[in-house]
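Structure, as structure tokens:
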Amino acid sequence: MRWTVHGERPVHDTPWVRLRTLDVEQPDGTRTDYDVVRLRDVAVTAAVDDRRRVLMMWRHRFVTDTWAWELPMGLVEDEEEPATAAARELLEETGWRPGTLRELVYAEPAAGITDARHFVFRTDDAHHVAAPTERNESDRLEWLPLTDLPALISRREIVSSATLVGIMALLLDLGAG
């Protein structure tokens with residue numbers, strides 16, 4: 001049931017989003033145009049402290065006009081490794097620097113329409129080094145108890161797919177170890 005891509009043409013390009021139309025052949029032989037969104041990779045960090053809390057950002061997303069808790073995250077720059085981006089974003093957005101990072105989970109949030117890739121990392125030894133340098137990222141930072149996270153998800157106070165995937169992987173990881 002493999003689809004074959006015969007070509008791709010640009011429709012719209014920005015530094016954030018690239019809209020493309022692909023010339024595809026479906027498994028039954030039908031050939032058609034298929035629109036896709038090409039996005040940059042995202043790196044996410046779940047920083048956990050020795051009190052079993054995770055560092056979260058309370059922020060507004062103007063596109064959906066929602067407020068919610070999110071893990072620190074950002075785009076992976078050209079030629080940058082996802083772990084390097086995760087460490088950079090954690091520092092820029094929170095002022096906390098990870099000592100060590102390990103990949104927690106990898107996800108493709110909407111593989112039928114976009115090539116977006118999310119790399120979620122975990123650090124257990126972050127230390128505070130400065131105030132956040134990204135002033136437009138969040139209203140506040142808090143270390144939230146891991147036991148509170150399921151209720152926050154149920155109340156839709158955590159809705160970002162990158163954060164949801166990261167938190168669920170974190171909770172599974174902690175349950176296994």
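In the stretch 98-112, the count of residues that are closer than 25 Å to residue 157 by Cα, aromatic (Phe, Trp, Tyr), touching a helix residue (DSSP H, G or I) at 6+ places or on another chain (Cβ under 8 Å) and open to solvent by 40 Å² or more (accessible area, probe 1.4 Å) is zero.
Scanning the stretch 135-167 for residues that are closer than 18 Å to residue 51 by Cα and in a helix (DSSP H, G or I) turns up 146, 147, 148, 149, 150, 167. On the given criteria, is residue 33 open to solvent by 60 Å² or more (accessible area, probe 1.4 Å) and either within 24 Å of residue 78 (Cβ to Cβ) or outside any strand (DSSP E or B) (or both)? So residue 33 does not fit the description; no.
Going by the conditions given, is residue 120 assigned to a strand (DSSP E or B) and within 13 Å of the chain's Cα centre (by Cα)? The answer is yes for residue 120. Under the condition of being basic (Lys, Arg) and either farther than 20 Å from residue 164 by Cα or out of contact with any strand residue (DSSP E or B) (no Cβ under 6 Å at 6 or more places or on another chain) (or both), the residues counted in the stretch 101-134 number 1.
Could we say that residue 49 is at negative phi and free of Cβ contacts under 8 Å to residues at least 24 places away in the same chain here? When the stated conditions are applied, residue 49 does not pass them. Of all the listed residues (156, 140, 122), the sole one being touching a residue at least 60 places away in the same chain (Cβ under 8 Å), open to solvent by less than 30 Å² (accessible area, probe 1.4 Å), over 17 Å from residue 39 (Cβ atoms) and of a type in the set (Lys, Arg) is 122.
Only one entry in 84, 123 is modelled with pLDDT of 95 or more, closer than 30 Å to residue 20 by Cβ and among the polar types (S, T, N, Q), namely 84. The number of residues in the stretch 40-72 that are under 17 Å from residue 89 (Cβ atoms) and in a strand (DSSP E or B) comes to 16.
The values are calculated or read from the model by the stated rules, or taken from the named source; none is laboratory data. Note that the structure is predicted; figures quoted are calculated from it, not measured. So basically every Cβ, Gly included, is an ideal-geometry build from the backbone, and we count neighbours across all protein chains shown. With ligands, DNA and RNA removed, areas are computed over all heavy atoms of the protein, side chains included. Shrake-Rupley method; radii C 1.70, N 1.55, O 1.52, S 1.80 Å.
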